[in-house]
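Notes follow once the structure below has been shown.
The values are calculated or read from the model by the stated rules, or taken from the named source; none is laboratory data. These numbers were taken from a predicted model, which means no experiment stands behind them. Using ideal geometry, Cβ is built from the backbone for each residue, glycine included, and neighbour counts are taken over all protein chains shown.
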Amino acid sequence: MTLHLFQDRDTDVFAFTSDRTGLNLPTEHDTEWLFLETLDEIEFAWGEQNFGDVYSAVAVTGFYLFQGEMQPLRRDKRRRRTRSRESRTRLRS
């Protein structure tokens, strides 16, 4: 199942929905939903157990609401160092 992630413009409320347009999301209190991204099942297949409630809600109501916050992406420093070491090793060869 492909899920689309939206956020309420004015709050920290997020929604997963199967509707790319987000038109099926609740609009109480003049909620304005902003599209954030589309997630393919393969992108979160590792966490299927964690997404069980999401899948169930989307199958029944078409959406799943939750409260959260956006986190900046963290870069994998170990991977960077490994690449740097590989680059140095190649340059020395």
Only unsatisfied item for residue 62, checking (1) modelled with pLDDT under 90; (2) on the phi > 0 side of the Ramachandran plot, is (1)
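One line per residue, one yes/no per condition, for (1) modelled with pLDDT of 90 or more; (2) touching a His at 6+ places or on another chain (Cβ under 6 Å); (3) of a type in the set (Phe, Trp, Tyr); (4) assigned to a helix (DSSP H, G or I):
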position	(1), (2), (3), (4)
15	yes, no, no, no
35	yes, no, yes, no
42	no, no, no, yes
57	yes, no, no, yes
71	no, no, no, no
75	no, no, no, no
Contact list, first residue from region 11-27 and on the phi > 0 side of the Ramachandran plot, second anywhere and of a type outside the set (Asp, Glu), beta-carbon distance below 8 Å, six or more apart or interchain, is 22/4; 22/6; 22/15; 22/33; 22/35
Those residues of region 15-33 which are within 12 Å of residue 62 (Cβ to Cβ) and in contact with a Leu (Cβ under 7 Å, 6 or more places away or on another chain) amount to 15, 16, 17, 18
